[in-house]
Each structure stands twice: as C-alpha cells, then as structure tokens.
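Working notes, structure below.
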Amino acid sequence: MSNKSNAREGILVGCGNPLLDISAPVPLQFLEGYGMNVDDAILAEERHMPIYRELVDGYQAEYLAGGSVQNSLRIAQWILRQPNVAVFFGCVGQDDYADILREKARAAGVDAHYQVSPDTPTGTCAVLITGTHRSLCANLAAANKFTIDHLEQPANKALIDNAQYYYISGFFLTVNPPSIMRVAATANAKQRPFLMNLSAPFISQYFMEPLMAVMPYVDIIFGNEAEAHAFATAQGWPADADLREIGKRLVALPKINSERPRIAILTQGCDPVLLIQHDKVQEFPVTRLAVHEIVDTNGAGDAFVGGFLSQYVQGKSLDVCIRCGNYAAGHIIKNPGCTYSGEPEFN
Ligand code: 26A
C-alpha cells in the first residue's frame, strides 16, 4: 500500500461549478419526458426545473457532492492522502446545500474557497441513472454568479500565484471566461501547466468562441469521444476524422508557449485511452468491468482526471498519470456518483 505523497500544499488550483448532485435511477420515459438523452450533460432550461423536485418526491434520490472540477480534485486528494494539495474556487449560495458541499470538500481534503452569493441557491445537478448510463442536467444557480473579483482578493490571488498546476473544466466557460483567461495567463506567465477539459458536447456547440480564446494557453486537453467529435464537428473538420485524427488536430491548434507542445488525452469508455503528442498516438488499455460491477458511470471522466492529476502534480510520467486515471475511473464506476470507498490501491 502506498503512503501519503509529498506533494506540496496548494500546488494545484481548480475553478469550477460547485454542484450538489441529486441522483436517482429513473425509467427511460423520465428522460424522454424532459427531452433528454442518455449520457447527456446539459444546462437546465425553464422546462427542466421540475426535475429536481420530482426526483426527490418520486424516486430514491441520493444527495452527492458533485461539480466536475470539484469531483476531480476530491479524487486527486483521495489518492494523494495528504490534505490541501488542491485548492478549489467556485460560487455557492448561503444554504444547507452549500454546507454539505463545504463539508464534503473538507472531508476529502480539498481546500475550497467558495465565493458566496447570498441570494441565490447553491447549484444542483440532476443525475438520471438508466442502467449503466447517466444523464446530467445542471441548474447552476449560485455557481453561475462567480465573478473574477473572487480571484482578485489578495488571499485568493496569492493561492493562484503559489500554485504550479491549474485545472479548469470546459463547463466553467458557461460561467466566467474572464476568470479562465486570467488563470490561463498566470499559468503561462509563470511557465506552469494549464489543463482543460472539453467537458460536454454542448460546450463545443455553443461556447466555441471562449473555448478557442483559451485554447492557445492549454497545455493538456482532456475529453471523451463524444466531446472530441462535437469539437471536430464545430470546427468543420472532416466528418470521417476518427479520434486519433481529431487528437492530432487538437494538439496542432495554435499555442502561445510553443516550447511546450499541447498534449491531448482522449478517453473512450472501456476502449483504450489515447495519448496524443505531436503526431504520435499511444494507447492505454482500460480494464473492462462486468456489468454487475457497474454501479453508475457518473463521474468516471472526472475521476480519470483526478487520478491523472494526483500523479501529475508529483511530477510522474504521463504513462503513470494515465494509468492512475484509469484506476480512479474504474473505482468510481463501482460506487455511486463520484465517490470512493476505502483506501486507494494505486502504486
Ligand atoms: C455547466 N455544467 C453543465 C456543469 C455540469 C457539471 N459540473 C459543472 N458544470 N454538469 C454536470 N456536472 C457535474 O458533472 C459530474 C459528472 O461528471 C455533475 O455535478 C456531476 O457530478
């Protein structure tokens, strides 16, 4: 069994949407009723608002800490076994849900510095489980109130300056691109890695402009196959481009610090993870779980990034980082939501 790491406190900073997940198994008709598909990740519109009440009243709903970046940081902390390596910024309300998120972050060892929007409820995400699939519908609420002032507060600015690795999801592009640009520019000025995630197809479909504004700063880009294809389509790349080709094109997009070429890491469920550097593609196999072992796939992508980050901040090779990502994702799938049980078994 591995011992705690000796990564430095505050070495990793993340920004994202702190959400409380309301998760329940539902019949497919439930999704259809709301015009949703399996494995969606969408922003709630007016017509989705009744979902949350309906889940709590009519189904066996569980409350779980969520929010993509926060999930990844919690997983990284679990593997690191040493608190406060990861610092998190995001906006919550002043309510019980915020207290739950604060406590879950603390218990996981994440050093969360929430901005508080007193008049807005904490964000929630409906997680609709249908067999081995899940569909997400986020009501960002307070998470959407995040402002760059929060990062400019002296104590928070010091935390950002002091970090060496930065991770922000594509999801955060829906909230506050100026904050993303600020963190990206800081990372670039200090020659420190800035990592991002494509997060969901709708980000490429509707937020391509801010995504492309930050892309030149992105040292490592994560995504799954659906997200990579959505990005390729939105870019007008050839419709027959496969994941390898898309990866090669992603790493070739313009980059500010050309001395550190971009890396793309593309996951594809139980098929091998692709690591793309220059025009070289490497594959990393994934252990296929039996259907009966799968509790829910919610958070698998976040856990992959969390496992990756836990090693990356220790300066481990990409090979080790990806293996740890696969380990973490496999573990999380066997647990509800993006939660873990027991001690990590990764060396
Ligand atoms: C802006 N959107 C849609 C989102 C999210 C999100 N986190 C941030 N922003 N939509 C879903 N999630 C989170 O993703 C996790 C699963 O990967 C959910 O809270 C869930 O925990």
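The values are calculated or read from the model by the stated rules, or taken from the named source; none is laboratory data. Remember, it's a predicted structure, so these values are computed and weren't measured experimentally. No Cβ is skipped: glycine too gets one built from the backbone with ideal geometry, and neighbour counts run over all protein chains shown. Just the protein is used for accessible areas: all its heavy atoms, side chains included, with ligands, DNA and RNA removed. Shrake-Rupley method; radii C 1.70, N 1.55, O 1.52, S 1.80 Å.
Key figures
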| read-out | value |
| --- | --- |
| Residue pairs meeting the criteria (Cβ under 7 Å; at least 6 apart or on separate chains; first free of Cβ contacts under 8 Å to residues at least 60 places away in the same chain and within 11 Å of GLN205 (Cβ to Cβ), in segment 226-245; second of a type in the set (A, V, I, L, M) and not in a helix (DSSP H, G or I)) | GLU227/LEU198; GLU227/ALA200; PHE231/LEU198 |
| Answer residue from segment 295-314, given it is in a loop (DSSP other than H, G, I, E, B) and more than 15 Å from the ligand (Cβ to nearest atom) and is least open to solvent (accessible area, probe 1.4 Å) among those | VAL313 |
| Residue among GLN77, GLN94, GLN60 that alone is within 16 Å of VAL13 (Cβ to Cβ) and of a type outside the set (Gly, Ala, Ser) | GLN77 |
| Helices (runs of 4 or more DSSP H) wholly inside segment 1-90 that include at least 2 residues being in contact with a Gly (Cβ under 7 Å, 6 or more places away or on another chain), under 28 Å from VAL116 (Cα atoms) and modelled with pLDDT under 95 | none |
| Segment 133-148 - residue that is assigned to a strand (DSSP E or B) and open to solvent by 20 Å² or more (accessible area, probe 1.4 Å) and, of those, farthest from the ligand (Cβ to nearest atom) | HIS133 |
| Search result, residues across segment 8-22 that are away from the ligand (no atom under 11 Å from the Cβ) and open to solvent by 10 Å² or more (accessible area, probe 1.4 Å) | ARG8, GLU9, ILE11 |
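For (1) open to solvent by less than 50 Å² (accessible area, probe 1.4 Å); (2) within 15 Å of the chain's Cα centre (by Cα), each residue gets a yes or a no:
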position: GLU152; (1), (2): no, no
position: ALA158; (1), (2): no, no
position: PHE172; (1), (2): yes, yes
position: THR186; (1), (2): yes, no
position: GLN191; (1), (2): no, no
position: ALA200; (1), (2): yes, yes
position: TYR206; (1), (2): no, no
position: MET212; (1), (2): no, no
position: ALA230; (1), (2): yes, no
